[in-house]
Amino acid sequence: MDPFPLTPASFSGQARVAPPDAAFNWLRQGWAGFVANPGLWLAMAVLLLVIFLGLQIVPLIGTLAANLMMPVLTAGMLHAVRRLSDEGSFEIGDLFTGFRRNTGPLVIVGVLYMAGWLIIALVVMILIGGSMAGGIVFGAAGQPAMGAGIGFGGMFLAGLLTLLLGAPLLMAVWFAPALVYFNGLPPVAALKASFDACLKNWLVMTIFGLITLVLCFFAALPMGLGFLVLLPVLYGALYASYRDIFLG
């Protein structure tokens, strides 16, 4: 495992291509960061989950607030990882540093992210609405099997479209909080730089995504308690990927 603190790296402004096996190294670094101070990371993970779950209690407004705060709190978690990496220590208050530095641009990233999902939902509804209506018509006309087939086909297509349209949005937002918070990039420029970096590193990002899905599955098994460990590890891996691609 890498020792802490690590030597700080400078921002190059350009994304480099990471090798496919870098995904494993990012997760290894994320785990190394977690075991460096597991108690404090667990406390931050609990606080983060309490904030987001608490916001979900408030209908609509809570969901909107959670989306707006996501990049801000992500910046705080990344700040904690960076302090551990560069200085060898961090504190729970680091979670809220995004509210004291580049807050406006981080919130705008949240606004654009939320707007992107709303546009995707609208596009999917428009494209799939016809097939769903057709299923209802066939069902009402006494052909339930055909109606159900059309309806399920529409649902499958809706899921596929959401995945295809959502992937570019996730690529755009992946590095955006780090680029806004650490490097002062404007929101749109950060989203573009993040998308370009993910596109350039599509293979290693795909490998990382697949591994993360498997880890999320196992983290969910013990009543979701595994996420208290997985969240800090993934934030550490996110910072490691940002450092590797933009600072490497």
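The values are calculated or read from the model by the stated rules, or taken from the named source; none is laboratory data. Quantities reported herein were computed from a predicted structural model and do not represent experimental measurements. Cβ coordinates were reconstructed from backbone atoms using ideal geometry, including for glycine residues, and neighbour counts include every protein chain displayed.
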Of the conditions (1) under 21 Å from Tyr181 (Cβ atoms); (2) modelled with pLDDT of 95 or more; (3) in contact with a helix residue (DSSP H, G or I) (Cβ under 6 Å, 6 or more places away or on another chain), Pro8 fails just one. Which one is it? (2)
What about Ala189, is it surrounded by 14 or more Cβ atoms within 10 Å (Cβ to Cβ), free of Cβ contacts under 8 Å to residues at least 12 places away in the same chain and farther than 29 Å from Leu42 by Cα? yes
Candidates Ala36, Ala45, Ala75, filtered to the one that is more than 17 Å from the chain's Cα centre (by Cα) and small (Gly, Ala, Ser): Ala36
Could you list, in sequence order, all residues of segment 202-232 that are among the hydrophobic types (A, V, I, L, M, F, W, C), under 14 Å from Ala23 (Cα atoms) and surrounded by 14 or more Cβ atoms within 10 Å (Cβ to Cβ)? Leu203, Val204, Met205, Ile207, Phe208, Ile211, Leu215
